[in-house]
Amino acid sequence: MLLRLIKVLVSLAFGGFAALVCFNNYQDAPANLAYIETVISMVDTFPTSPKFRAVFPLETAPTFLTIILAIEGFIALLLVLGSLRMLASIHRPAASFNRSKSTVSFGFCIAILLWFGIFVSGAGEWFLAWQSPLGRGAIDTSYNISIIAFLALIFVSQKEEDHG
């Protein structure tokens, strides 16, 4: 029972985190747009880096930000609703509780795809943000977030068994 509650709380905490990230990115849209423009234009990558990867015009940055905000909000929604679904099944048999984890598992999967697939791989490697003093910190942070989401997915996905 305690382990089930911990799985609910871990999922809920990450959902709350995703909601805060989405809210903060929306609230500070000008700073986020400036960051996106810097990354997609590749203006501060090494001089020998392949610049054909850059995206112009920079007016596309708001589209990127809108997509990112939508995905972050979707992650938050999946994890919060999935956590509530798990909580509602906390006293049910193991098979029922295991089925209740599907929404949370999907939320963690989307989180990994966003923070690792899009930010670390897309921004970090395709747009070479790791070469930028500004981008390097964000890539490291995104990597750490993706690792936390992956570990949480593994933890939550462990099958419950009925005891007794």
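The values are calculated or read from the model by the stated rules, or taken from the named source; none is laboratory data. Being a predicted model, the structure only gives us computed values, none of them experimental. Here the Cβ positions follow ideal geometry from the backbone for every residue, glycine too, while neighbour counts run over all protein chains shown. Surface accessibility is based on the protein's heavy atoms, side chains included, excluding ligands, DNA and RNA. Shrake-Rupley method; radii C 1.70, N 1.55, O 1.52, S 1.80 Å.
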Original post:
To the nearest 10 degrees, how steep is helix 61-88 against the longest Cα principal axis of the chain, on a 0 to 90 scale?
Top reply: 10
**OP:** Please work out the average accessible area per residue across region 1-40, using the 1.4 Å probe convention, and give it in Å².
**Re:** 54
Original post:
What angle, in degrees between 0 and 90 and rounded to the nearest 10, separates the Cα long axis of helix 29-41 from the longest principal axis of the Cα atoms of the chain?
Top reply: 60
**OP:** First select every other residue whose beta carbon is under 14 angstrom from the beta carbon of ALA34; then total the charges, Lys and Arg +1, Asp and Glu -1.
**Re:** -4
Original post:
Given q = 0.12, 0.14, 0.21, 0.23 Å⁻¹, what are the Debye log10 I(q)/I(0) values for region 80-164, with equal point scatterers placed on the Cα positions and solvent ignored?
Top reply: -0.46, -0.56, -0.88, -0.97
**OP:** Order the following by accessible area, largest value first: GLU72, GLU125. Probe radius 1.4 Å; ligands, DNA and RNA are ignored.
**Re:** GLU125, GLU72
Subject >> Spin-label model distance (nm) - LEU20 vs SER96, 7 Å beyond Cα toward Cβ >> reply: 3.4
Original post:
On alpha-carbon atoms, Rg over Rh for region 33-128 using Kirkwood Rh?
Top reply: 1.20
Original post:
Which angle from 0 to 90°, rounded to the nearest 10, does the C-alpha axis of helix 102-112 make with the longest principal axis of the chain?
Top reply: 20
Original post:
Where Lys and Arg each count +1 and Asp and Glu each count -1, what net charge lies around LEU5 among other residues with Cβ under 15 Å from its Cβ?
Top reply: +4
**OP:** Quantify how much of the Cα-Cα distance distribution of region 1-54 extends past 19 Å, in percent.
**Re:** 57
**OP:** Relative to the compact-globule scaling 2.2 N^0.38 Å, provide the ratio for the alpha-carbon radius of gyration of the chain.
**Re:** 1.21
Original post:
Extension gain GLN27-TRP130, at 0.36 nm per residue separation less the Cα-Cα distance, in nm?
Top reply: 34.6 nm
Subject >> Amide N proximity, region 9-33 versus PHE155 label position 7 Å along Cα-to-Cβ, cut-off under 20 Å >> reply: 9-21
Subject >> Computed magnitude of the charge dipole of region 1-154 (debye, nearest 20; Cβ of K, R +1, Cβ of D, E -1) >> reply: 840
Subject >> Computed magnitude of the charge dipole of region 81-164 (debye, nearest 20; Cβ of K, R +1, Cβ of D, E -1) >> reply: 220
Subject >> Proximal lysines to LYS159, defined as alpha-carbon separation beneath 18 angstrom and excluding residues fewer than eight positions away on the same chain >> reply: LYS7, LYS101
Original post:
Per the 1.4 Å probe, what fraction of the accessible area of the chain, in percent, lies on carbon and sulfur atoms?
Top reply: 72
**OP:** Pairs of Cα atoms under 8 Å, at least six residues apart: use those to get the relative contact order of the chain, whole percent.
**Re:** 30
